[in-house]
Amino acid sequence: MTQPSAVGGLASSVAGHEVTVDLGLRSYAVAVGSGILTSVGPRLQGLGFQGRCAIVTNDRVAPLYGPAVLASLRSAGLDPIVIEIPDGEAQKNLTMLSTIYDRLLAAGLDRSSVIIALGGGVVGDLAGFAAATYLRGIAFVQLPTTLLAQVDAAIGGKTGVNHPRGKNLLGAFHQPRFVLADVETCATLPRREFLAGMAEVVKYGVIRDAALFHDIATHSDAILAQDRDRLVAVVAACVRHKAAVVASDEYERSGARAVLNFGHTVGHGVEALTDYTRYLHGEAVAIGMVAAARVSQALGACGADVVASIDGLLRRLGLPTELPVPRAALVAAMTSDKKSTSGRIRFVAVETIGRTRLVDLSATEIVDHL
Ligand SMILES: NC(=O)c1ccc[n+]([C@@H]2O[C@H](COP(=O)([O-])OP(=O)(O)OC[C@H]3O[C@@H](n4cnc5c(N)ncnc54)[C@H](O)[C@@H]3O)[C@@H](O)[C@H]2O)c1
Ligand SMILES: [Zn+2]
């Protein structure tokens, strides 16, 4: 058993958690636990789904978890087809979306059917957008199998595909009917993918939860060893934060959701400048978070101690923190990010671990403070 901690941190057991994303009629549950993947069939049955449904997955995840999910769905009286796409971010495009529509139509899915996304953020975004648009929108559920998708991508209803001119430029807000995050799936994740997910976990600590941040630091060895109790507690804490932020700003209009972009302004710039091949997203975010902390310090928002503790924790987790690209190149890369409005960037500055403030800055100002 883990010790309870004061603020949302690691107070839980492996038994699992259920978090509600509170969005009125679009509210849904996020179940977090270990070994819960096979509850998907009964859960769908409980929501009234029956008959034809579609699992969207990829060729890495399908052999690992496809049979268990198929069996669970069949045992609950559902009749699934499996749409298996090739692995990789490159598949998150309109051509693959069209292929998915073809399969859904051929299998006769109708307005009462449900799509089950089984995989990481790529599968979730693609399957979610297919669900948002097929027959003007049908139900979907998320079975995220990467740490990053469990703590971030699967929750909040952002779905979409990439365009040659930029990532995630085409999409829709479409909330899932429920999310089932089984941390046991992390056991088969490549180490690098797991660590990249940890960068987003640290982000929640920095922006909203000092107790979580310190718990991760204290128990980093257990977390890196994927101790089940710890991992369930950590993922559940992150899910609670994502759920709260999404509930307060579903469509990213009020500014509340912007806090989730901590570390992402510079992170996206680093990803773009390295052709999206050198770093995983979470790795670039780790670099971006330390950069954001440095900018915050230069602005007088936080002290050097905050920069040092973020940098120290990320390093302990095996994540990169040094800026690998020339500062000058970053200016252009950050200006073309779709989240910048008329040259001003809504920059998330850290004040202390657990608290942030938004500052409007130009890309040049950000780089000058690095
Ligand atoms: N919708 C959102 O709010 C949101 C938020 C963040 C990121 N995203 C999107 O998510 C995507 C990144 O997600 P990701 O990091 O999960 O990447 P991913 O989906 O590409 O998964 C990473 C790799 O792990 C493999 N994999 C997945 N689960 C596995 C498992 N259990 N065992 C072994 N291998 C497994 C995948 O096949 C892939 O090779 C990006 O496209 C990004 O734009 C969306
Ligand atoms: Zn991110």
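Can you confirm whether the range 180-201 contains a residue that is touching a strand residue (DSSP E or B) at 6+ places or on another chain (Cβ under 6 Å) and farther than 28 Å from residue 356 by Cα?
Taking every residue of the range 180-201 in turn, at least one turns out to be touching a strand residue (DSSP E or B) at 6+ places or on another chain (Cβ under 6 Å) and farther than 28 Å from residue 356 by Cα.
Restricting the search to the range 270-294, which residues are touching a strand residue (DSSP E or B) at 6+ places or on another chain (Cβ under 7 Å) and under 23 Å from residue 190 (Cα atoms)?
Across the range 270-294, there are no qualifying residues.
Being of a type in the set (Ser, Thr, Tyr) and in contact with a His (Cβ under 7 Å, 6 or more places away or on another chain) narrows it down to one of 159, 146, 133, so name that one.
Details: 146 fails: in contact with a His (Cβ under 7 Å, 6 or more places away or on another chain); 133 fails: in contact with a His (Cβ under 7 Å, 6 or more places away or on another chain).
Of the residues listed, the single one that is of a type in the set (Ser, Thr, Tyr) and in contact with a His (Cβ under 7 Å, 6 or more places away or on another chain) is 159.
Could you list all residues from the range 268-306 that are surrounded by fewer than 18 Cβ atoms within 10 Å (Cβ to Cβ) and in a helix (DSSP H, G or I)?
Across the range 268-306, the qualifying residues are 298, 304, 305.
Could you list, in sequence order, the residues of the range 276-311 that are within 16 Å of ligand 1 (Cβ to nearest atom) and without any contact (Cβ under 8 Å) to a residue 12 or more places away in the chain?
Passing the criteria: only 277.
If you take the residues in the range 133-142 that are of a type in the set (A, V, I, L, M, F, W, C) and touching a Phe, Trp or Tyr at 6+ places or on another chain (Cβ under 8 Å), which one is least open to solvent (accessible area, probe 1.4 Å)?
Going residue by residue through the range 133-142, those that are of a type in the set (A, V, I, L, M, F, W, C) are 135, 138-141.
Still in the running and touching a Phe, Trp or Tyr at 6+ places or on another chain (Cβ under 8 Å): 139, 141.
Numbers: 139: 16, 141: 0 Å².
Step by step, filter the range 133-142, then rank; the result is 141.
Got a sec? Which of 316, 357, 327 is modelled with pLDDT of 95 or more, in contact with a Leu (Cβ under 9 Å, 6 or more places away or on another chain) and among the basic types (Lys, Arg)?
316
Mind listing whichever residues of the range 135-148 are outside any strand (DSSP E or B) and within 16 Å of ligand 2 (Cβ to nearest atom)?
If the condition is that a residue be outside any strand (DSSP E or B) and within 16 Å of ligand 2 (Cβ to nearest atom), then 146, 147, 148 are the ones that fit.
Give just the number: which of (1) open to solvent by 20 Å² or more (accessible area, probe 1.4 Å); (2) more than 7 Å from ligand 1 (Cβ to nearest atom) does residue 155 not satisfy?
It fails just one condition, (1).
Within the range 344-370, which residues are part of a loop (DSSP other than H, G, I, E, B) and surrounded by fewer than 20 Cβ atoms within 10 Å (Cβ to Cβ)?
Narrowing the range 344-370 to residues part of a loop (DSSP other than H, G, I, E, B): 353-354, 369-370.
Within the range 344-370, 354, 369, 370 meet the criteria.
Inspect the range 209-222 for any residue being farther than 26 Å from residue 61 by Cβ, touching a Ser or Thr at 6+ places or on another chain (Cβ under 7 Å), buried (at least 23 other Cβ atoms within 10 Å of the Cβ) and at pLDDT 95 or above and give the result as yes or no.
yes
Can you tell me which of (1) within 16 Å of ligand 2 (Cβ to nearest atom); (2) assigned to a helix (DSSP H, G or I) is the one residue 234 doesn't meet?
Of (1) within 16 Å of ligand 2 (Cβ to nearest atom); (2) assigned to a helix (DSSP H, G or I), only one is false for residue 234: (1).
If you check 99, 133, 159, which single one turns out to be modelled with pLDDT of 95 or more, over 12 Å from the mean Cα position of the chain (by Cα) and within 14 Å of residue 174 (Cβ to Cβ)?
Being modelled with pLDDT of 95 or more, over 12 Å from the mean Cα position of the chain (by Cα) and within 14 Å of residue 174 (Cβ to Cβ) holds for just one of 99, 133, 159, which is 133.
Which pairs have Cβ atoms under 7 Å, sit 6 or more apart or on different chains, and link a residue in the range 177-193 that is without any contact (Cβ under 8 Å) to a residue 60 or more places away in the chain to one that is in a helix (DSSP H, G or I)?
Once the first residue is without any contact (Cβ under 8 Å) to a residue 60 or more places away in the chain and sits in the range 177-193, its partners that are in a helix (DSSP H, G or I) give 186/147; 186/194; 186/231; 189/147.
The values are calculated or read from the model by the stated rules, or taken from the named source; none is laboratory data. Source: prediction; values computed, not measured. Note that we place each Cβ from the backbone using ideal geometry, even for glycine, and neighbour counts take in every protein chain shown. The accessibility values were calculated without ligands, DNA or RNA, using every heavy atom of the protein model including side chains. Shrake-Rupley method; radii C 1.70, N 1.55, O 1.52, S 1.80 Å.
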